[in-house]
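**Student:** The following block contains the structure, expressed as structure tokens.
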Amino acid sequence: MPEYKTKQKEMLIECLDSNKNIHMTAADISEHLKAKGHHLGMSTVYRQLDKLVAAGLVRKYIIDENSSACYQFIGESGECSEHFHLKCNVCGELFHTDCSFMKKIAEHMKENHDFEVDLSKTLLYGTCSKCRNKH
């Protein structure tokens, strides 16, 4: 059965694509869409997000059992799966680290600790330079 492009799906993709450096919850997405004059029910938001995750266009992050799931647009290229992620505790911005040192950490974990890091789910928390410089 072919997948049809719906207006709701296109709105969610646009929202996530324009905020790809932020992990957004379903509630964040709903608020963003409402601010733009689009009112989608939460069940529609969740249903569309589930379809986008299943299609590989959106990544779903579950940080812990007490927090809402977060979503991030990765597009058809599937980018964003081979590196560590850094998230600012203050502004919430998400940074992608494509540096050789972080890759060496993953290699070290596998070779020396027999533990393979799932780079699609790595998330390190801290404070970005913009937020540090504000204080």
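The values are calculated or read from the model by the stated rules, or taken from the named source; none is laboratory data. The structure displayed is predicted, hence computed values, not measured ones. Cβ: placed from backbone, ideal geometry, glycine included. Neighbour counts: every protein chain shown. What goes into the accessible areas is simple: the full protein's heavy atoms, side chains included, and nothing from ligands, DNA or RNA. Shrake-Rupley method; radii C 1.70, N 1.55, O 1.52, S 1.80 Å.
**Student:** For the chain, which whole percent of the accessible surface, found with a 1.4 angstrom probe, sits on carbon and sulfur atoms?
**Tutor:** So the carbon and sulfur contribution to the accessible surface is 51 percent.
**Student:** In addition: Report the far tail of the P(r) of the chain, meaning the percent of Cα-Cα pairs longer than 26 Å.
**Tutor:** 31 percent
**Student:** What does the accessible area per residue of the chain come to in Å², with a 1.4 Å probe and no ligands, DNA or RNA counted?
**Tutor:** The answer is 65 Å² per residue.
**Student:** May I pose another question? Any idea what angle helix 100-113 forms with the longest principal axis of the chain, computed on alpha-carbon atoms, 0 to 90 degrees, nearest 10?
**Tutor:** 70 degrees
**Student:** To continue, here is another question. To the nearest 0.05, what FRET efficiency results for Lys134 and Asn21 with a Förster distance of 22 Å applied to their C-beta separation?
**Tutor:** Rounded to the nearest 0.05, the efficiency is 0.75.
**Student:** Just need the relative contact order of region 35-135 here, percent rounded to a whole number, with Cα pairs under 8 Å and 6+ apart.
**Tutor:** 22 percent
**Student:** Which is the longest part of the chain that has none of the GluC sites (Glu not before Pro) sitting in a DSSP loop with at most 16 other Cβ atoms within 10 Å?
**Tutor:** Answer - 4-64.
**Student:** Once you've got the Cα coordinates, tell me which of Lys110/Lys134; Lys60/Lys104; Lys51/Lys104; Lys110/Lys130 are over 29 Å apart.
**Tutor:** Lys110/Lys134; Lys51/Lys104; Lys110/Lys130
**Student:** Hey, another quick one. Per DSSP H run of n ≥ 4, the term is -39500 (n - 2.57); total these for the chain, divide by its residue number, and report the mean residue ellipticity at 222 nm rounded to 500 deg cm²/dmol.
**Tutor:** Calculated mean residue ellipticity at 222 nm is -12500 deg cm²/dmol.
**Student:** With only Lys, Arg, Asp and Glu charged, each at its Cβ (+1 for the first two, -1 for the last two), find how big the charge dipole of the chain is about the Cα centre; round to the nearest 20 debye.
**Tutor:** Its charge dipole is roughly 560 debye.
**Student:** How much length, in nm to one decimal, is gained on full extension between Leu124 and Thr44, taken as 0.36 nm per residue of separation minus their Cα-Cα distance?
**Tutor:** 25.7 nm
**Student:** A follow-up question, please. Met109 to Asn89: FRET efficiency via 1/(1 + (r/R0)^6), r the Cβ-Cβ distance, R0 35 Å, to the nearest 0.05?
**Tutor:** 0.90
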